[in-house]
Amino acid sequence: MMNNPYTHGRHAAMVAQQILAGTPPSALPVLNDTDYRPSFDYRALQRFNIKTDLLPPDSTLAFEPEGIWYRYRQVIIISLAVILALVSTVAVLLANIHRRRQAELTLRKWNRELDRLVRIRTQELEDRAHELARLGNKMRKLAYTDSLTELPNRRAGQELLKTLLGRERDREQSLSVALLDLDQFKQINDRFGYEVGDKVLVESAGRIRDALRAADQVFRWGGEEFLVVLPETPADQAIQIAERIRERVQQPSFTPARQVTTSIGVASFTPGEPLDALLGRADAALYQAKQSGRNQVIGSQQCLVRSSRQHTDAV
């Protein structure tokens with residue numbers, strides 16, 4: 001059993017302080033009681049293989065080798081604190097990376113979905129645009145095409161003539177028109193019915209078209225009337241083309257009507273002349289062809305000559 005050196009040292013210091021403060025040593029109390037604790041030699045315990053957990057409580061060990069913990073505990077504590085801080089930082093960073101990856105995956109998913117929706121919407125818009133374009137073309141075709149003969153109609157012919165007259169207005173005469181009317185077409189309808197009359201119109205339209213050149217165009221002008229536009233064509237050549245059309249039309253038909261004839265009035269554009277005047281001269285020539293026995297071609301110049309002769313005869 002050994003006394004506690006820390007307790008004895010503390011009392012010794014207190015006695016020294018009192019003597020230094022002027023207290024006579026004889027007046028100081030004598031300490032009779034002290035703290036004795038069991039003490040063991042660590043080397044002896046090792047030699048006799050005695051475990052330290054078998055020692056009495058509050059035992060002290062002499063010559064016990066200093067452990068790593070006691071020697072480096074401050075460094076160990078600081079290191080553990082730093083490691084803990086680093087681990088915490090890494091954990092936070094990993095959590096942030098995980099959240100960022102999740103956010104990127106979600107964003108990519110949204111982008112893919114958005115791209116899909118955009119593609120679908122774009123395809124729908126393209127389909128709608130194509131459909132609108134198709135309907136627009138169909139409406140334009142309906143607006144500018146005769147549904148029976150599938151020829152361009154009067155509106156299309158008027159627009160073409162306005163365009164051509166604008167080009168020819170300041171140039172020499174080279175544009176001609178031919179106005180056709182199927183002879184006695186009402187009798188065909190009355191005798192064979194409107195269905196046969198429609199077939200006659202369709203067949204006549206095809207024959208007129210086949211008799212034209214590549215640059216020429218034919219329009220259904222209304223009823224049994226057709227207008228042929230002959231660009232870059234002087235009057236004499238226009239008369240020849242009109243004669244070819246007349247011959248084609250009067251060929252035997254597959255319809256019960258058998259044979260159909262046509263009267264044609266031809267007029268050539270005069271620089272500065274308005275559209276109505278040009279068409280009016282063609283219509284007057286057509287009327288003259290009808291009055292002169294039908295199934296013939298008369299040019300506007302011939303019409304003027306005949307009108308002049310008739311006037312002279314009347315005088």
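The values are calculated or read from the model by the stated rules, or taken from the named source; none is laboratory data. In this text the structure is predicted, and so the values were computed from the model without any measurement. Here the Cβ positions follow ideal geometry from the backbone for every residue, glycine too, while neighbour counts run over all protein chains shown. For the accessible areas, the whole protein counts, side chains as well, though only heavy atoms, and no ligand, DNA or RNA atoms are used. Shrake-Rupley method; radii C 1.70, N 1.55, O 1.52, S 1.80 Å.
Please count how many residues of the range 201-224 are within 43 Å of the chain's Cα centre (by Cα), hydrophobic (A, V, I, L, M, F, W, C) and assigned to a loop (DSSP other than H, G, I, E, B).
2
Report, ordered by the first and then the second residue, all pairs with beta carbons closer than 7 Å, sequence separation of six or more or different chains, a first member in the range 237-261 that is under 19 Å from Gly293 (Cα atoms), and a second member that is among the small types (Gly, Ala, Ser) and assigned to a loop (DSSP other than H, G, I, E, B).
Arg244/Ala211; Ile245/Ala211; Arg248/Ala211; Gln259/Ser253; Val260/Ser253
Can you spot a residue in the range 58-80 that is open to solvent by less than 60 Å² (accessible area, probe 1.4 Å), of a type in the set (Ser, Thr, Tyr) and modelled with pLDDT of 90 or more?
yes
Looking at the structure I just gave you, is Ala178 modelled with pLDDT of 95 or more, small (Gly, Ala, Ser) and crowded, with 16+ Cβ neighbours inside 10 Å?
Taking the combined requirement at face value, the residue satisfies it.
Which members of the range 2-50 meet the condition of being closer than 18 Å to Glu64 by Cβ and outside any helix (DSSP H, G or I)?
Scanning the range 2-50 gives Met2, Asn4, Arg37, Pro38, Ser39, Phe40, Asp41, Phe48, Asn49, Ile50.
Report, ordered by the first and then the second residue, all pairs with beta carbons closer than 6 Å, sequence separation of six or more or different chains, a first member in the range 49-78 that is among the polar types (S, T, N, Q), and a second member that is assigned to a loop (DSSP other than H, G, I, E, B) and open to solvent by less than 100 Å² (accessible area, probe 1.4 Å).
Ser59/Pro38
Quick check: is even one residue across the range 225-234 touching a strand residue (DSSP E or B) at 6+ places or on another chain (Cβ under 9 Å), modelled with pLDDT of 95 or more and either open to solvent by 40 Å² or more (accessible area, probe 1.4 Å) or in a helix (DSSP H, G or I) (or both)?
yes
Considering only residues that are at pLDDT 90 or above, in contact with an Asp or Glu (Cβ under 9 Å, 6 or more places away or on another chain) and either farther than 19 Å from Phe219 by Cα or open to solvent by 50 Å² or more (accessible area, probe 1.4 Å) (or both), which ones fall in the range 258-282?
Once the filter is applied, which keeps residues that are at pLDDT 90 or above, in contact with an Asp or Glu (Cβ under 9 Å, 6 or more places away or on another chain) and either farther than 19 Å from Phe219 by Cα or open to solvent by 50 Å² or more (accessible area, probe 1.4 Å) (or both), the range 258-282 yields only Arg281.
Please work out which one of (1) buried (at least 20 other Cβ atoms within 10 Å of the Cβ); (2) closer than 20 Å to Ser176 by Cβ; (3) among the aliphatic types (A, V, I, L, M) is the condition Leu201 fails and give its number.
Failed condition: (2).
Looking at Arg258, Arg246, which is the one that is outside any loop (DSSP other than H, G, I, E, B) and within 16 Å of Leu182 (Cβ to Cβ)?
Arg246
So is Tyr144 aromatic (Phe, Trp, Tyr) and either touching a residue at least 24 places away in the same chain (Cβ under 8 Å) or touching a Phe, Trp or Tyr at 6+ places or on another chain (Cβ under 7 Å) (or both) or not?
no
All but one of (1) modelled with pLDDT under 95; (2) closer than 22 Å to Ala289 by Cβ; (3) crowded, with 17+ Cβ neighbours inside 10 Å hold for Gln187, so report the exception by its number.
Of (1) modelled with pLDDT under 95; (2) closer than 22 Å to Ala289 by Cβ; (3) crowded, with 17+ Cβ neighbours inside 10 Å, only one is false for Gln187: (3).
Scan the range 172-190 and give yes if some residue there is small (Gly, Ala, Ser), touching a Pro at 6+ places or on another chain (Cβ under 8 Å) and part of a loop (DSSP other than H, G, I, E, B), otherwise no.
Within the range 172-190, one or more residues are small (Gly, Ala, Ser), touching a Pro at 6+ places or on another chain (Cβ under 8 Å) and part of a loop (DSSP other than H, G, I, E, B).
Would you mind telling me which numbered condition in (1) open to solvent by 90 Å² or more (accessible area, probe 1.4 Å); (2) among the aliphatic types (A, V, I, L, M); (3) in contact (Cβ under 8 Å) with a residue 24 or more places away in the chain Leu132 fails?
(3)
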